[in-house]
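A.B. asks: Next up is a structure, given as structure tokens.
The values are calculated or read from the model by the stated rules, or taken from the named source; none is laboratory data. On a predicted model such as this, the values are computed, not experimentally measured, just so you know. Cβ coordinates were reconstructed from backbone atoms using ideal geometry, including for glycine residues, and neighbour counts include every protein chain displayed.
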């Protein structure tokens, strides 16, 4: 294309430094916010005021920040649950089911120890450890089904994980509603409340699961960047036939990534229902958190499976979901505007990934000499 | 700019008349100053000029990366040149797509066949034909096609399914398809690379007939130099995107052509040192295996290869060699029989165990199986080392050490690359193969299975790869060489096992083997005793 003597063309990139990828993401967010501000202007609001409300509530207000961080932890676990199979070229759509089972298993530990009606005579660290292990194991178990079927008979993992979501969803209903074993004695269609000793300890107002997020980020970074196992997962993800030739066991990789992914999704379930202050029960609206876990998939995709980049995206979307809801209430915005804004940013982030692969070159057109 | 476009348009409308009254010897295609620059500043074609005359076979010769593929794509409208012009019978043309090129009488026979395997020959030939947009009179078309094929001495069964055909037959289908569309200039990409000697002979005869009818034939060739000398009238040699020389074939010798192509003298007679064979490394007993369609494709293969020996498996593609290689390496389950490696039964051992025990395999599918395009050179080298205690410390990979190893392989195997950290998909075919072979040989395996190690490589890289296999043999490795190139088999092997329809026909000592005898065996012609 030629414009006013300048030649504009697209060129494929051969490599992309990390800082440039980060820069494009920031530009994408700004671009998305800019686009959405036209919608605010259309509906007679000041975008500046709204964005100020959203971001100051989400990140500066001490109450809002706590909500944001809790969402962030949840999204980070869900993202990791997606990323691990994703790096092996497999799609985990089963975070909801895995996190439901994780939550059920944590509550199951408390239930079996008699925590539904009385107190538990057990040191808190031991109890918490048992709950976390149960959540990890339950998530891994249901996730592992998809990995096993994929590895053994090449059954599509997307279908399996999605179907398992329905089973898990109804299993939670069975457990917490209508006389189910975990039913709240008050009968409000939610689970019993955790006794004091089973609630996750807070560190500076934030649940300790925040530390787990950072530890897991480092662990995943090392796994994919340094470890032989991560190398095998990546090789399998890029080219299954080449991985097989190199002696990598496709069955084992499929099972393993879904065990790990499912375990981390289970941890997300544990976090939201057993570690977030003010919750400490499987709420009637648990399905909402199942849906929310799909944002983990989006965070994982936007960050192209990079665990560190994922953290920033998860923080952004955690904050937006909290700040957006607050702004909607406070400034009387239309229903669902918070989700529309998040959607816009996602589209913008994905669209800007075009620049990961291409660059635009503008050159002065040379005058032709005959 | 717009003016030239209109003119090109005009030319394409005129195509009905353009091919009338061709005189033999007349210039029918004239390429002037063809230039193509790729992202990153690579100049794939640098002002290339050449003329094709009617009734002439004009070979374009060049190594991998010399710009042949780019030039071919430009002539066929797959790519547009940055500079330069193409004239067909004096008319300036601009091909925006292959459709334009076909309209102007240019036909292309791809090396990697572009046919639908599940369809019949007739369906494939009609597919995409301008007439086939409306109603086709299938019967009439079938008769026309058979007549057309016969005119040039081809045998085609229009009702056969393409997947049942041999490579040679598929090529015939592609040629007939191009001719049926009215091609006057036929571009052949590596025409004889997958053919048996018998099929090659037949193809050459057909090409002769074509030139008698004043068609222009343009074979593009990388490594079959004797073929160039045998068939062509003119030869244009490319190196690094430029025309380095053009000559009448009568004045050329193999040595001259190779030197011009590579830019340095090439040794054709490989030094094959005397090696005393040692202990048996691999013993195969009655090995059978199925192909991907579930049919037994390898039948009762038995052989032994000892230290310092090369066993050459000769045969035309699809006669069980591929299944043999994959079964030996554990990529395909054995149906029956067993494999002993250093006396140990490894028939059902995993691929990883085979690597650890000292087997090495260089697959024929270098981009799909032998390497991971999106990985760097270092990560690709890690494919054979991620399990090796020298580079795997308690589950952590020593990427620094792997990087040094990669640099050593790059040095020793003379790999042209900007460095070890670029993605391997940026490498040319020859360099990719050097990395794969270098990676496998760096493990100093006791057995190397080399599946089509030099296929598609240029003269320089072929010589290099062959020399490295002989080096492995000198280092007491057992080598199983699978090749469709009889000359390669004859010059490298100690023993030759021709395969036909899944069976090893015979195992002959190379010293006594004759090319025509082996050629007959792989074509399924029984020896008379």
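A.B. asks: Go through segment A:263-280 and give me each residue that's in contact (Cβ under 8 Å) with a residue 60 or more places away in the chain and surrounded by fewer than 24 Cβ atoms within 10 Å (Cβ to Cβ).
C.D. replies: A:276, A:277, A:280
A.B. asks: Restrict the check to segment B:315-322 and report whether at least one residue is under 23 Å from residue B:486 (Cβ atoms), part of a helix (DSSP H, G or I) and free of Cβ contacts under 8 Å to residues at least 40 places away in the same chain. Even if it seems obvious, please write down each step before you answer.
C.D. replies: Narrowing segment B:315-322 to residues under 23 Å from residue B:486 (Cβ atoms): B:315-322.
Applying the additional criterion that residues be part of a helix (DSSP H, G or I) yields B:321-322.
Filter once more, so that each one left must be free of Cβ contacts under 8 Å to residues at least 40 places away in the same chain: none.
No, the conditions are met nowhere in segment B:315-322.
A.B. asks: Which of the residues that make up segment B:39-77 are away from chain A (no Cβ under 14 Å), closer than 27 Å to residue A:10 by Cβ, without any contact (Cβ under 8 Å) to a residue 40 or more places away in the chain and not in a helix (DSSP H, G or I)?
C.D. replies: B:77
A.B. asks: Looking only at residues that are surrounded by fewer than 18 Cβ atoms within 10 Å (Cβ to Cβ) and facing another protein chain (nearest Cβ under 8 Å) in segment B:357-375, which one is farthest from residue A:228 (Cα to Cα)?
C.D. replies: Checking each candidate, the answer is B:365.
A.B. asks: So which helices (runs of 4 or more DSSP H) stay within segment B:133-224 end to end and still have 2 or more residues that are at pLDDT 85 or above and more than 26 Å from the chain's Cα centre (by Cα)?
C.D. replies: The helices (runs of 4 or more DSSP H) meeting that bar are B:138-151.
A.B. asks: State which residue is nearest to the chain's Cα centre (by Cα) when the search covers only segment A:244-261 and only residues that are facing chain B (nearest Cβ under 8 Å) and in a helix (DSSP H, G or I).
C.D. replies: Per the stated criteria, the residue is A:244.
A.B. asks: Next question, about the same structure. Residues in segment A:262-280: is at least one within 19 Å of residue A:151 (Cβ to Cβ) and within 11 Å of chain B (Cβ to nearest Cβ)?
C.D. replies: no
A.B. asks: Count, please, the residues in segment B:424-444 that happen to be within 13 Å of chain A (Cβ to nearest Cβ), in a loop (DSSP other than H, G, I, E, B) and over 13 Å from residue B:410 (Cβ atoms).
C.D. replies: 1
A.B. asks: When you scan segment A:217-233, how many residues do you find that are more than 8 Å from chain B (Cβ to nearest Cβ) and surrounded by 18 or more Cβ atoms within 10 Å (Cβ to Cβ)?
C.D. replies: 5
Rundown of residues vs (1) at positive phi; (2) touching a strand residue (DSSP E or B) at 6+ places or on another chain (Cβ under 6 Å); (3) in the same structural domain as residue B:481 (by TED's automatic domain parsing), yes/no style:
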position: B:298; (1), (2), (3): no, yes, yes
position: B:304; (1), (2), (3): no, yes, yes
position: B:308; (1), (2), (3): yes, no, yes
position: B:315; (1), (2), (3): yes, yes, yes
position: B:320; (1), (2), (3): yes, yes, yes
position: B:325; (1), (2), (3): no, yes, yes
position: B:334; (1), (2), (3): no, yes, yes
position: B:338; (1), (2), (3): no, yes, yes
position: B:343; (1), (2), (3): yes, no, yes
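A.B. asks: A further question follows. Among the residues of segment B:328-356, how many are more than 14 Å from chain A (Cβ to nearest Cβ) and under 22 Å from residue B:469 (Cβ atoms)?
C.D. replies: 3
A.B. asks: Okay, next question. If you go through segment B:267-284 one residue at a time, do you hit one that is without any contact (Cβ under 8 Å) to a residue 12 or more places away in the chain, over 30 Å from residue B:53 (Cβ atoms) and in the same structural domain as residue B:335 (by TED's automatic domain parsing)?
C.D. replies: No, that holds for no residue.
A.B. asks: Do we find that residue B:382 is in contact with a strand residue (DSSP E or B) (Cβ under 7 Å, 6 or more places away or on another chain) and either within 13 Å of another protein chain (Cβ to nearest Cβ) or surrounded by fewer than 22 Cβ atoms within 10 Å (Cβ to Cβ) (or both) in this structure?
C.D. replies: Yes: the conditions hold for residue B:382.
A.B. asks: So which of A:309, A:327, A:283, A:314 is in contact (Cβ under 8 Å) with a residue 60 or more places away in the chain and part of a loop (DSSP other than H, G, I, E, B)? Before you say what the answer is, go through the steps one by one.
C.D. replies: Working: A:309 fails: part of a loop (DSSP other than H, G, I, E, B); A:327 fails: part of a loop (DSSP other than H, G, I, E, B); A:314 fails: part of a loop (DSSP other than H, G, I, E, B).
Within the list A:309, A:327, A:283, A:314, the selection yields A:283.
A.B. asks: Still on this structure: Quick one: residue A:120 ticks every box in (1) in contact with a helix residue (DSSP H, G or I) (Cβ under 6 Å, 6 or more places away or on another chain); (2) over 20 Å from residue A:322 (Cβ atoms); (3) buried (at least 21 other Cβ atoms within 10 Å of the Cβ) bar one, so which box is it?
C.D. replies: Only one criterion in (1) in contact with a helix residue (DSSP H, G or I) (Cβ under 6 Å, 6 or more places away or on another chain); (2) over 20 Å from residue A:322 (Cβ atoms); (3) buried (at least 21 other Cβ atoms within 10 Å of the Cβ) is unmet by residue A:120, namely (3).
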